[in-house]
C-alpha cells in the first residue's frame, strides 16, 4: 500500500512541476535578448598609434585585462567608450585602450 501512495505522490509532484514550467517555456518562444553595446559610440574610422611604452588594455566596463600594446603599435578604430570620465578606443573584440595612451595619425 505504501508503494502505491509513494508512486501517486511522485506522479502528482511531477505533474505539478511540469505544469508550472511548460507554460513558461511555451508562452515566450520568440523572446531573445541581444547583447548590448552600452556606452559605445561610433566615430569616423581613424588610425591610432601607441605613444607610451606599454598601453594597458581594458574591457568594455573599464577593467584591466591581461594584454598590453607596445609603443609604436598602430590600430584602426571606429568606436569609443567613456567609463567614469575616461575615454577608451576599441582596438579588438572587448579590448579598449585609453585615449591618453595613444595619438591619432
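Length gain on complete extension for the stretch residue 47 to residue 82, per 0.36 nm per residue less the alpha carbon to alpha carbon distance?
Working it through step by step, the gained length comes to 10.7 nm.
Here each label is just a point 7 Å from Cα along the line to Cβ, and for residue 40 and residue 70 those points are 2.9 nm apart.
Where a number appears in this text, it was derived from the coordinates with a stated rule and is not lab data. Because the structure is predicted, anything quoted here is derived from the model rather than measured. Heads up, the Cβs are rebuilt from the backbone with ideal geometry, glycines too, and the neighbour counts pull from every protein chain shown.
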